[in-house]
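The values are calculated or read from the model by the stated rules, or taken from the named source; none is laboratory data. The model shown is predicted, which means the values in this text are computed figures rather than measured ones. Cβ placement follows ideal geometry from the backbone for every residue including glycine, while neighbour counts extend to all protein chains displayed.
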């Protein structure tokens, strides 16, 4: 199973174990506490369109796809978190690290960062328990710096890969801020059900 999928499943299946304390929240700062797990997919933008063959192995060279870039907002009784961050407020500046061809292939439309959407809907992003990128590619980690002070849970291997990676897959400017609070996400050597 790919590491990012394993991380996502672990997060969802063992959320009660991982999120074991209630965040301190000032009265009326956030929507009411939840008693059950809730998910919201936040669309943060989409690609202008590219040929499938340039997006994934085996894709058609004649079919155009418009990829949607999302963050998943998870409301949990023990603390809310984002799975992936979607495209951040600085994504266009970050994309300057790409070569000319990559900038053309990955053009963005309908940009709406998750942090701004959350604020517009009355949620204080600083109250998040964690940000959990499935992996550290540019389109999953773009908004990490938008959530300064919120712990970023990622495996040591994924973090190392990102800091040693190169554009277009990885963009150091997305996660080089000293304000990012890194927390190592380690998987226990045990079977998981799901």
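This table checks each residue for (1) surrounded by 19 or more Cβ atoms within 10 Å (Cβ to Cβ); (2) touching a strand residue (DSSP E or B) at 6+ places or on another chain (Cβ under 6 Å); (3) modelled with pLDDT under 95.
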| position | (1), (2), (3) |
| --- | --- |
| 131 | yes, yes, no |
| 136 | yes, no, no |
| 140 | yes, no, no |
| 156 | no, yes, no |
| 159 | no, no, no |
| 162 | yes, no, no |
| 166 | no, no, no |
| 175 | yes, no, no |
Item to check | residue 152 being within 23 Å of residue 74 (Cα to Cα), under 17 Å from the mean Cα position of the chain (by Cα) and modelled with pLDDT of 95 or more | outcome: yes
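Okay, residues lined up against (1) surrounded by 11 or more Cβ atoms within 10 Å (Cβ to Cβ); (2) in contact with a helix residue (DSSP H, G or I) (Cβ under 8 Å, 6 or more places away or on another chain); (3) at pLDDT below 50:
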{"site": "13", "(1), (2), (3)": "yes, no, yes"}
{"site": "33", "(1), (2), (3)": "yes, no, no"}
{"site": "44", "(1), (2), (3)": "yes, yes, no"}
{"site": "50", "(1), (2), (3)": "yes, yes, no"}
{"site": "56", "(1), (2), (3)": "no, no, no"}
{"site": "67", "(1), (2), (3)": "yes, yes, no"}
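A quick yes/no check of all residues on (1) in contact with a helix residue (DSSP H, G or I) (Cβ under 6 Å, 6 or more places away or on another chain); (2) under 18 Å from residue 46 (Cα atoms); (3) free of Cβ contacts under 8 Å to residues at least 12 places away in the same chain; (4) assigned to a loop (DSSP other than H, G, I, E, B):
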site	(1), (2), (3), (4)
112	no, yes, no, yes
168	yes, yes, no, yes
177	yes, no, no, yes
189	no, no, yes, yes
193	no, no, no, yes
